[in-house]
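Q: Before I ask anything, here is the structure I am working with.
The values are calculated or read from the model by the stated rules, or taken from the named source; none is laboratory data. Computed from a prediction, not measured in an experiment: that's the story for all the values here. A quick note on method: Cβ atoms are made from the backbone with ideal geometry, for glycine too, and the neighbour counts reach across all protein chains shown. Areas reflect the complete protein model, heavy atoms only, side chains present, ligands, DNA and RNA absent. Shrake-Rupley method; radii C 1.70, N 1.55, O 1.52, S 1.80 Å.
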Number of protein chains: 2
Amino acid sequence: MPLRYFEDFHVGETFELGSRIVTAADIIDFARQFDPQPFHTDPARAQESVFGGLVASGWHTASLYMRLLVDGLVDMIQSSMGSPGVDKIEWLKPVRPGDTLSGRATIAELIPSKSRADRGIIKTLGELRNQKGEVVMTIRGVGFFGRRPATEPSP
Amino acid sequence: MPLRYFEDFHVGETFELGSRIVTAADIIDFARQFDPQPFHTDPARAQESVFGGLVASGWHTASLYMRLLVDGLVDMIQSSMGSPGVDKIEWLKPVRPGDTLSGRATIAELIPSKSRADRGIIKTLGELRNQKGEVVMTIRGVGFFGRRPATEPSP
């Protein structure tokens, strides 16, 4: 399958992004570096916390979604040019050791850049579900992607 | 200094969160796990990209901000009870190898929880600057924190 340009997407298109298991070691490793709160790093103290056990940092969950997004969507696009930010993230349910997270992204908006003719903005509505089908995170992402050059005909 | 409760903060209060150097190895390690796009993982291909060199994943930058936030603010609060999400992130400038990032958080809103008497919502306006003083990221964060029990007098 040839790589896609910005023009090859349509609003409402949905991509299944695959899945990933999260282990206690993954949760603790990430949190020791980036979010060392006891309910992310210390199983015993996590048990005493409002979560009643170890839970993944929301930043870990968001980063895992990004990995699934790259593997399942970004890699099929001709040219990724980074992102200006994220419109919103909601962490809806705790992610616990042993959870399997599955990602899905829906194309929400396609906006040709006004200032740069070579790129367009793709807004996505992303979600991660656990093995029980519960949505654990939603995310409104924004990315810059390459447009088809005028010299290249549409397929 | 005693740990603070939700009641001990006021809107407009600002916290300097310390700083952190980001190396090329840090950038590549994070990106190989969570955001394997060539401009985050491969110095040679990054040079050909729109960034003209290796840049940190925005998720790496956001996670580094979280680390500074925990060390500089969350750790001084009596009880952190997690976060329902993030209202907005803006990645304004690329983060490059060797950059020193400094964090600052300002209390934007203090909202007592309507449904749970034991906690309040603290909304923060966060920013990371590089060594040139340029703002590389802004973030509107939301956290749940413990309130002072009625049995405990104000200091």
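Q: Quantify how strongly other chains surround peptide A:27-35 by giving the mean number of their Cβ atoms within 10 Å of each of its Cβ atoms.
A: The per-residue average across the peptide is 4.
Q: Give the average over all directions of the projected area of the C-alpha convex hull of segment B:1-70, one decimal, in nm².
A: With every direction weighted equally, the projected area is 6.8 nm².
Q: Here's something else I'd like to know. Between copies, how close do the A:D8 label points come, placed 7 Å along Cα→Cβ, listed in nm from shortest?
A: So the distances to the same position in the other copies read 5.7 nm.
Q: Over all Cα pairs of the protein assembly as shown, how is the pair count split among 10 Å bins, expressed in % and running from 0 up to the last occupied bin?
A: 6, 26, 34, 23, 9, 2, 0, 0
Q: What part of the accessible area of segment A:8-70, given as a whole %, is carbon or sulfur when the probe is 1.4 angstrom?
A: Answer for segment A:8-70 is 50 percent, counting heavy atoms of protein chains only.
Q: In addition: Work out which residues of segment B:79-119 lose at minimum 10 square angstrom of accessible surface when the other protein chains are put back, relative to the chain isolated, with a 1.4 angstrom probe, and list them by number.
A: Buried on complex formation: B:S80, B:M81, B:G82, B:S83, B:P84, B:G85, B:V86, B:D87, B:K88, B:I89, B:W91, B:R119.
Q: Right, here's the next one. List the equivalent ellipsoid semi-axes of segment B:30-76 in whole Å, largest first, each obtained as the square root of 5λ for an eigenvalue λ of the Cα gyration tensor.
A: 28, 10, 6
Q: At 1.4 Å probe radius, can you tell me the per residue accessible area of the protein assembly as shown in Å²?
A: On a per-residue basis, 48 Å².
Q: Could you compute Rg(Cα) / (2.2 N^0.38 Å) for segment B:9-155, with N its residue count?
A: The value comes to 1.21.
Q: Count charges around A:D42 for me, please; just the other residues with Cβ under 11 Å from its Cβ, Lys/Arg as +1, Asp/Glu as -1.
A: After counting each charged neighbour, the total is +1.
Q: Please give the length that would be gained between B:Q78 and B:M1 if that part of the chain were fully extended, namely 0.36 nm times their separation in residues minus their C-alpha to C-alpha distance (nm, one decimal).
A: 26.6 nm
Q: So how strong a dipole does segment A:40-119 carry about its Cα centre when Lys and Arg Cβ are +1 and Asp and Glu Cβ are -1, to the nearest 20 debye?
A: Computed about the Cα centre, the dipole is about 160 debye.
Q: Top mean-square fluctuation among A:A25, A:A56, A:A105, Gaussian network model of chain A, C-alpha springs under 10 Å?
A: Answer for the Gaussian network model of chain A: A:A25.
Q: Relative contact order of chain A, please, whole-number percent, based on alpha carbon pairs below 8 angstrom and at least 6 residues apart.
A: This gives 29 percent for chain A.
Q: For a 22 Å ceiling on Cα separation, which of these pairs sit above it: A:K88/B:K93; A:K93/B:K123; A:K123/B:K88; A:K88/B:K123; A:K93/A:K123; A:K93/B:K88?
A: A:K93/A:K123
Q: Which of A:F39, A:F144, A:F51 ends up with the largest GNM mean-square fluctuation for chain A, with Cα atoms connected below 10 Å?
A: Residue with maximal mean-square fluctuation among A:F39, A:F144, A:F51: A:F51.
Q: How much accessible area is lost when chains A and B come together, counting both sides, with a 1.4 Å probe, in Å² rounded to the nearest 100?
A: Using a 1.4 Å probe, the pair buries roughly 2800 Å².
Q: Using the 2.2 N^0.38 Å rule of thumb for compact globular proteins, work out how segment A:66-107 stacks up: its C-alpha Rg over that value, please.
A: The value comes to 1.42.
Q: In whole percent, and with a 1.4 Å probe on the protein chains, what portion of the accessible area of segment A:95-135 is carbon and sulfur?
A: 49 percent
Q: Continuing with this model, one more query. Would you compute, from DSSP H runs of 4+ residues alone, the mean residue ellipticity of the protein assembly as shown at 222 nm, taking -39500 (n - 2.57) per run and dividing by the full residue count, rounded to the nearest 500?
A: -6500 deg cm²/dmol
Q: What's the magnitude of the charge dipole for chain A around its Cα centre, counting Lys and Arg as +1 and Asp and Glu as -1 at the beta-carbon? Answer in Debye, nearest 20.
A: Dipole of chain A, to the nearest 20 debye: 240 debye.
Q: Which number comes out as Rg/Rh for segment B:69-155 once both Rg and the Kirkwood Rh are worked out on C-alpha atoms?
A: 1.07
Q: How much net charge surrounds A:K132 when only the other residues with a Cβ under 10 Å from the Cβ of A:K132 are counted, with Lys and Arg +1 and Asp and Glu -1?
A: 0
Q: Once label points are set 7 Å from the Cα along Cα→Cβ at both A:K93 and A:R116, what is their separation, rounded to one decimal in nm?
A: Here the answer is 3.8 nm between the modelled labels.
Q: I've got another one for you. Mind checking which aspartates and glutamates have their Cα closer than 19 Å to the Cα of A:K132? Skip sequence neighbours fewer than 8 apart in that chain.
A: Within reach: A:E16, A:E90, A:D99.
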